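The structure under discussion appears below in the form of structure tokens.
Read the figures in this text as sums done on the coordinates, not as results from a lab. None of these values were measured; they are calculated from a predicted model. Positions of Cβ are backbone-derived with ideal geometry, glycine not excepted, and every protein chain shown enters the neighbour counts.
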């Protein structure tokens, strides 16, 4: 079998339906746009939980902001028949993630839970993954950001502070997942539905964001994903995101 | 003074029950902790490395009174989340509430008492010891108290709820002064007055957005700033998708599409100030079409006779057909709910507008019904639960009177507590002049804000995460609720809690004042107050001793009287309404020829009334509808802008009859052409490194018009003109292209098909984009 055939073979396997079933868990999210008000509570929650830097006015001016979740808003129509639609955008943890095959050092890969993860220690900063990400979910650390003292007292000790030259993005709050899995393992059971909530999900006032295990057919996420309003953003790219959006009515 | 070192401190904490906070040891004991290693061999309970302890307390970032849970690791606050047990926010929290950590750890926190050394307002201060500061103040206060003190001693506070409010009134009573006011820019004075006029209740009812079927909101930006945004968020989610098969409809009437308006099914831009007329037009149609079934139909149809759809449509600019469809839907949907706030409630006819909105609720039968307006039952515990944060709130007219007294009286003393009138009142009030004339200004605060710059003595207070306090959320949630806030971390600096400062002062003044306020600190005072509640409500409290009750409340962060009955005594009769119904046309400052645009200021989500501007997270949080960060802007309809030859980023003079500010233009596609909008919050000339010198403050140029009935500042009643300065700046914003351009990101073109799991099906169901075959 030639190299290209073997790659094709693997690729097919990778894309087979049911591939995710082999994962311990398959974390996913459902975002109900009919509930989302665009209030950005999730944005601040994420910034607090994951030690996202304060990049400053100059940082914004040069496009160096780092956000793992943002609210995109789109205008539709003209005054007075105009609509404003909001959509929270974060790493989609695609099953067929375009960022993964392009990393020369395997800094970004799929873990055993179906998460698209970023290994900061491996990252050499080629930024290929960001270029390939159709959701613009990745941010690059152009600087080693610092916190004016004593704002650094707030930093979450469960999350690494990233340095210059490293790519970063939403992890689905992997530190919370790890903690829940550890607890579950100690008690010899699986993680219960609702036991893990990433910071954004926890804070959402309208409960538009729901997180859980897609391998568990009884989880809230699995049930909501069946909703006829469901869709995946940029589905035509076949990235097969782990995030199902429920369309705004 | 207790002699405790750090290790003992943590040990003692460990001995307490989990969640009862660091606070019960604070006060005098923790001023200068000795740095010692923590014994990790047998670590104290809340110092296990990597394991967090959560403490419940109350958010103080706005007036909603959400319960919060603070994650503390190794003595440091790491994250604020909502308290799931608190009925107001049920575990959820807004961005500003979460940024409370940056109040605590803000680099610009005041750390020591300061005495003015230079000219007043020059910002030159010198650090002095607490003893000196308190003695100076106590001497001064003692000398001024007694008969006639109301003219000489004044206390102006920001929002202070629960027993801090009571402590302030007691303290001022003892001094013989009745000049104790609270001032908050966004306080809904008009809503309280409208409720008093209609229902004889000077309290806020519960707006049951959660269970309503048709929500008609007149300018109430209830998802970002109106009353209790987080609670409304919960309700909104439920209204839309929480009831299988039933999705509530939501219509928003406002001249500029707010975040709340963006979530509405229909946006109705009506001419500013005519919202009440629109409501009366809807009421007219409801009565005419036989939707009102009361026995005083004749009176109503006579009272509403003049508000014909033709007239209303002409004056409000809302199409008659649309008016009819809203009236029909509002009347037919059960239950429906009309609410009003924001600019619609803050024109010169704000109260009259609010009365008109409530007439819709009356006609549709929404009062005291689930999904409509529910009146909060008062508690039968007089000590706490009848407390209302409204009673000390001063409308604009009373603030003017205060400023006048300050300018006229010699040797007066003004105590400021977490209040920044220099930022939150228009320039016409001439606070600076009044302050210059004041005998002495003392500011109890966390930050060097504009008003504190003018102070002679600055007493740095604990942040709310380091203080004791309590709070009764208003509006309530249908049953009486109270919450205690406790210190979650040891104080970072040599600061004192505001309550403690007052009690220390009382002790120094001595005599009757000391006897009336005998408590050693705020915690003791709070405990004595809650002991009264414990006694009054003993029957429904399960705890056998006060101590166990107190610990239980601290642990839960909240205490509620869920078993209480329905609101008695609320008069729901049409008579009150009918007598108040007449529509008043709004007045505007500035002649339409010279000042062609109506200024629409709005309370921003991130900064509230400006208090959040010193929090870097809030500066970096993109404005939800424009995505602008780090700055302010003035919104113009693109057509208006084209007409004036204005592009985004053109620096403009926004000039009212009373002042002008320089601010860049932003072309906002969802604002009425005759209206220009500006967010409130930026434009600080002090207030720390993150806030200072950024953007402009629209409150500055507001004209001094007030509501005819309430005397509250009519902050939506100013006209402005716009001229180009010729300069241009870059507006920092995070959005890319503001349109979807066929990318179908928000899913609006998706037909309702079940999600297909397999890639094969995925391919066959592929959405066809504009560039695909």
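The table for this structure:
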quantity	calculated
For region B:430-580, fraction of C-alpha pairs farther apart than 19 Å, in %	68 percent
Sequence-separation-based contact order of chain B, relative, with Cα cut under 8 Å and 6+ spacing, percent	16 percent
Volume per residue that the Cα convex hull of chain B spans, once the total is divided by residue count, Å³	194 Å³
Highest average packing first - A:157-165, B:200-208, Cβ atoms within 10 Å	B:200-208, A:157-165
Region B:206-374 - share of DSSP beta bridges that are antiparallel (%, nearest 5)	20 percent
Listed peptides B:352-360, B:317-325, B:395-403, B:60-68 by packing density, highest first (mean Cβ within 10 Å)	B:352-360, B:60-68, B:395-403, B:317-325
Chain A: most fluctuating residue of A:76, A:152, A:136 per GNM, C-alpha cutoff 10 Å	A:76
Helix-derived mean residue ellipticity, 222 nm - over chain B, DSSP H n ≥ 4, -39500 (n - 2.57), to 500	-8500 deg cm²/dmol
Translational D in µm²/s for the protein assembly as shown (Stokes-Einstein at 25 °C, 0.890 mPa s, Kirkwood Rh from C-alpha pairs)	82 µm²/s
Distance between modelled label sites at residue B:542 and residue A:223, nm, 7 Å Cα→Cβ extension	2.8 nm
Relative contact order of region A:1-149, defined on C-alpha pairs under 8 angstrom at six or more residues apart (%)	23 percent
Averaged over A:230-239, number of beta-carbon atoms from partner chains that fall within 10 Å	6
Three-way shape call for region B:597-728 based on the alpha-carbon gyration tensor, with the a/c threshold at 1.5	oblate
Reciprocal mean inverse distance between Cα atoms of region B:357-455 - Kirkwood radius, Å	16.8 Å
Calculated Rg and Dmax of region B:206-374 using C-alpha coordinates, Å	14.7, 42
Cα gyration tensor category, rounded, prolate or oblate, for region A:55-167 with a/c compared to 1.5	oblate
Size of chain A as Cα extents on the principal axes (Å, biggest first)	54, 46, 44
Residue B:298 paired with residue B:512, simple spin-label distance in nm, labels 7 Å along Cα-to-beta-carbon	6.0 nm
Centre separation in Å (Cα based) which lies between region A:156-225 and region B:485-526	43 Å
Inter-label distance for residue A:119 and residue A:7, nm, one decimal - labels placed 7 Å from Cα along Cα-to-Cβ	2.1 nm
Inter-part distance where region B:224-262 and region B:286-353 are each reduced to a Cα centre, Å	21 Å
Percent of alpha-carbon pairs separated by more than 17 Å within region A:113-249	70 percent
Average projected area [Cα convex hull, region B:63-127], square nanometres	6.5 nm²
Convex hull volume per residue in cubic angstrom - Cα atoms of region B:201-261	88 Å³
Extension gain, residue B:122 back to residue B:247 (0.36 nm per residue minus Cα-Cα distance, nm)	39.2 nm
Förster-model FRET efficiency, 51 Å R0, residue B:139 and residue A:149, C-beta, rounded to 0.05	0.90
